[in-house]
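Please treat every number below as a calculation from the coordinates, not as lab data. Every value quoted in this text rests on a predicted model; they were computed, and no experiment measured them. Backbone-built Cβ (ideal geometry, glycine too); neighbour counts: all protein chains shown.
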Amino acid sequence: MKFTKNFKEISKKDVGIAGGKGASLGEMLNARIPVPPGFVVLASAFDRFLEETDLFQDIQARLDEVNYKDTNSVDRESNEIREMIADTKFPVDLGKEITSEFKKLKAQYVAVRSSATAEDSKTASWAGELETYLNTTEKELLVNVKKCWSSLFTPRAIFYRHEKYPHLTPAPLLGKERGKASLPLAKGEKQRGYISVAVVIQKMIQSEVSGIAFTVHPVTEDKNQMILEAGLGLGEAIVSGQITPDSYVIDKRNWSIVDINIAEQTMMITKKGVKTSQIKLSKNKGNKQKLTGRQIVELAKLCGQIEKHYGFPCDIEWAREKGKFYITQSRPITTL
């Protein structure tokens, strides 16, 4: 049984095995959208890890102790669970399969990203709830895969799952029933009745500029307008709210630029040596417009192509490296 799949083998129907992020990347790659190459460590790998190491019962026991009205309780049990996963040995054959797929990418650095098996929808999104590790080398690969698995049990993720999916079992029980709770399956799932996590491993794009796009104006809800946000360096700075990006409003009917708002950027996140670091920017560099008019229109048309493919408004993450745009994620806009 294989526990990994290349993006080429995955489509939007595979949320149950590849998670929302993995399924989206496979779908876009097969639709000829420029997606950096990669593969997914399927959710079944996490199942296998938990089952083989007998961590199921331990995790459930810790979650049963959670008092959702007490943040200290959530933090305490979260730390216990994450330490248990970190301290447990990685199955040898599973590690070899993941490392073998990594080598096929012929990339010195990859992004290792969590991908929840609960599908991103118009009412719920796992964006920002689970963890991502940038500029990961082969040496750090399996450690970061385990960190992504255990990020299903960060305090934020525990709270989010409790609020959004109270009907689902809070921990993997591999087919067992908890009381009389029904365990509905996510799309594409056959045996799992809980939210699990796959891991996306993708060639790292060392972006000079990166950002987010909303294919419908998120404030006015004007379907004829799209907003692009752009910042220097890796997109983590924007996603985490550490910088205010430029914003550009585009009219989708004729791809004209309606408005340009240039933000002052004082720092950027980039690879420095072998580490991902924050670098201070001079006023001269930080105050400049991050994308040219031609680049704005090129990116807007690419995002329009993605929206047309999916048939609904999209929240898109993008990166630009050496003159080329790449799409690193697309999900439904949850705020409309």
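Worth a mention:
- In straight-distance terms, cross-link reach from Lys104 covers every one of the aspartates and glutamates whose alpha-carbon lies under 14 Å from its own, apart from those fewer than eight places away in the same chain; here that gives Glu138.
- The residue list Leu291, Cys314, Thr270 was ranked by how far each Cα lies along the charge dipole of the range 209-332 toward its positive end, using unit charges on Cβ atoms, and Thr270 comes out on top.
- Length, then width, then depth: along the principal axes, the Cα atoms of the range 209-332 run 41, 26, 26 Å.
- Range in the chain, longest, excluding exposed chymotrypsin sites (Phe, Trp or Tyr not before Pro) [loop by DSSP; at most 14 other beta-carbon atoms within 10 Å]: 69-254
- The residue list Ile205, Val219, Leu152 was ranked by how far each Cα lies along the charge dipole of the chain toward its positive end, using unit charges on Cβ atoms, and Ile205 comes out on top.
- Thr53 versus Ser100: modelled label distance in nm, points set 7 Å from Cα along the beta carbon direction: 2.2
- Angle of helix 15-30 to the longest C-alpha principal axis of the chain, folded into 0 to 90 degrees and rounded to 10: 30°.
- Computed [θ] at 222 nm, helices only, for the chain once each DSSP H run of length n ≥ 4 contributes -39500 (n - 2.57): -10000 deg cm²/dmol
- The chain: angle of helix 293-310 to the longest principal axis, Cα-based, in degrees nearest 10: 40
- Crossing angle, helix 71-87 versus the chain [Cα axis fit, 0-90 degrees, rounded to tens]: 80
- Here the Debye sum runs over all C-alpha atoms of the chain as equal scatterers in vacuum, and log10 of I(q)/I(0) at q = 0.10, 0.15 Å⁻¹ comes out as -0.60, -1.28.
- The dipole here belongs to the chain: it is taken about the Cα centre, uses +1 on the Cβ of Lys and Arg and -1 on the Cβ of Asp and Glu, and is about 1160 debye.
- Relative contact order, whole percent, for the chain stands at 19, derived from Cα pairs under 8 Å and 6 or more residues apart.
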